[in-house]
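**Student:** This is the structure, below, for whatever I ask next.
The values are calculated or read from the model by the stated rules, or taken from the named source; none is laboratory data. Keep in mind that this is a model prediction, so the values were computed, not measured. As a convention, Cβ positions derive from the backbone with ideal geometry for all residues, glycine included, and neighbour counts pool all protein chains shown.
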Amino acid sequence: MQGAPDRESPQASATPAMTPFLETQIQKVIDEIYHKYKGVDDGTVATYIPELGKANPKHFGICLATVEGQVFTAGDWEQEFTIQSMSKPFAFQMALEKHGPEETLKHVGLEPSGEAFNSIELDPKTGRPFNPMVNAGAIAVASLIKQSPVQASIAAFVDKLSGAAGRRLRLDYSVLASETETGNRNRAIGYLLLNAGIIDEQVQLSLDQYFAQCSVLVNCRDLALMAATMANIGNNPVTGQSVFDFQFLKYVMAVMFSCGLYDFAGNWAVEVGLPAKSGVSGGIFGVVNRQLGIGVYSPKLDAQGNSVRGILACRELASHFGLHTFDFSNVGSSFMQWLL
Ligand code: GLN
């Protein structure tokens, strides 16, 4: 069999180029999923950050990027939106790279909270935020990677994401201003964290860092490539750039698996079965470890704050290609087997 990745030297180009026939087949599946769900009109666009309310509810994009660097797109994949909570795994990765797990985990836990993303609650047993995927945990993480002046650490964050996306990303300053103005709940969380001794007294700086992280503009292709960079042991499969220290990716992906979709995380784990992260802008990205990255976008959200069409598309992609981590057919390279 020619397609099995070489486990000894994962970066060697051990997998064969896809044939045009197979590329067409994959494209066909993605196009079908797009057309199947583009008419679904359930959900509501988030408005608690007023600027997010301006999103076009019709937008729907899908992108899939393999660890070999092939990229497949459908619909409004070029449409940009702010990354919002999908920034959280990357900030966690940066905190782990900067401080190591021992220090980082003094400030944030690894347990699912079962609560909404914006819950004002700490783990009663440990006094820490439950995990880095809820706002409390993400603000604690932002505090770990912030610098003074904060522009420097915001630039470092945008650089990191740009490396993963394979193009230069930038902030949406209107969304940033809108969230900064209205983000009283996150400010409350910030001061709760200060009171609990989880973050230092530079609360404003930590919040500035967090709000800026949420305001990075991405499209579906960026998300899929960021996910594919995680799947590819930290190396961007298109540019070849080494972006993430791979030894920490297991922390990040494990937490995404158990906590990435807030209080829908358990259902997601069963139905889709991939480490993933959603955001209130309507994006979701998912990682098929060692195989590919998925990025989807559609701004109408369900009650848990997850994209309605995004969940439908991911569920269908996972079942169609056998991507579920615990799917009987997924033996670590099911996607490549499907292709060969
Ligand atoms: N910036 C948003 C907030 O803090 C992110 C939330 C989300 O995407 N779930 O409220």
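**Student:** Here is a list of conditions, (1) within 14 Å of the ligand (Cβ to nearest atom); (2) under 18 Å from Q151 (Cα atoms), and Q204 meets all of them except one; can you say which number that is?
**Tutor:** Every condition holds for Q204 apart from (1).
**Student:** Still on this structure, I have one more. If we keep just the residues of the range 265-302 that are within 22 Å of K38 (Cβ to Cβ) and assigned to a helix (DSSP H, G or I), which is farthest from the ligand (Cβ to nearest atom)?
**Tutor:** E271
**Student:** Give the residue, chosen from L171, L105, that is within 13 Å of the ligand (Cβ to nearest atom), within 29 Å of A231 (Cβ to Cβ), at pLDDT 95 or above and surrounded by fewer than 21 Cβ atoms within 10 Å (Cβ to Cβ). Spell out how you get there, then give the answer.
**Tutor:** Numbers: L105 fails: within 13 Å of the ligand (Cβ to nearest atom).
From the options L171, L105, the qualifying one is L171.
**Student:** Is at least one residue of the range 273-280 among the small types (G, A, S), modelled with pLDDT under 95 and farther than 26 Å from V45 by Cβ?
**Tutor:** Scanning the range 273-280 turns up no residue that is among the small types (G, A, S), modelled with pLDDT under 95 and farther than 26 Å from V45 by Cβ.
**Student:** Which one of I83, I62, I120 is over 17 Å from the mean Cα position of the chain (by Cα) and not acidic (D, E)?
**Tutor:** Checking each option against the conditions leaves just I120.
**Student:** Tell me the helices (runs of 4 or more DSSP H) entirely within the range 180-250 that contain at least 3 residues that are surrounded by fewer than 24 Cβ atoms within 10 Å (Cβ to Cβ).
**Tutor:** Helices (runs of 4 or more DSSP H) meeting the threshold: 184-195, 203-214.
**Student:** Taking the stated definitions as given, is L96 in contact with a Gly (Cβ under 9 Å, 6 or more places away or on another chain), under 19 Å from A231 (Cα atoms), more than 16 Å from the ligand (Cβ to nearest atom) and not in a loop (DSSP other than H, G, I, E, B)?
**Tutor:** Details: in contact with a Gly (Cβ under 9 Å, 6 or more places away or on another chain): no; under 19 Å from A231 (Cα atoms): yes; more than 16 Å from the ligand (Cβ to nearest atom): yes; not in a loop (DSSP other than H, G, I, E, B): yes.
Spelling it out, it is not the case that L96 is in contact with a Gly (Cβ under 9 Å, 6 or more places away or on another chain), under 19 Å from A231 (Cα atoms), more than 16 Å from the ligand (Cβ to nearest atom) and not in a loop (DSSP other than H, G, I, E, B).
**Student:** Return the pair list, or none, for Cβ contacts closer than 7 Å from residues in the range 201-212 that are closer than 17 Å to M86 by Cα to residues that are of a type in the set (K, R) and more than 15 Å from the ligand (Cβ to nearest atom), at least 6 apart or on different chains.
**Tutor:** Q209/K146
**Student:** Can you say whether G310 is part of a helix (DSSP H, G or I), touching a Phe, Trp or Tyr at 6+ places or on another chain (Cβ under 8 Å) and under 18 Å from A265 (Cβ atoms), as far as the supplied structure shows?
**Tutor:** On the way: part of a helix (DSSP H, G or I): yes; touching a Phe, Trp or Tyr at 6+ places or on another chain (Cβ under 8 Å): yes; under 18 Å from A265 (Cβ atoms): yes.
Judged against the criteria, G310 is a match.
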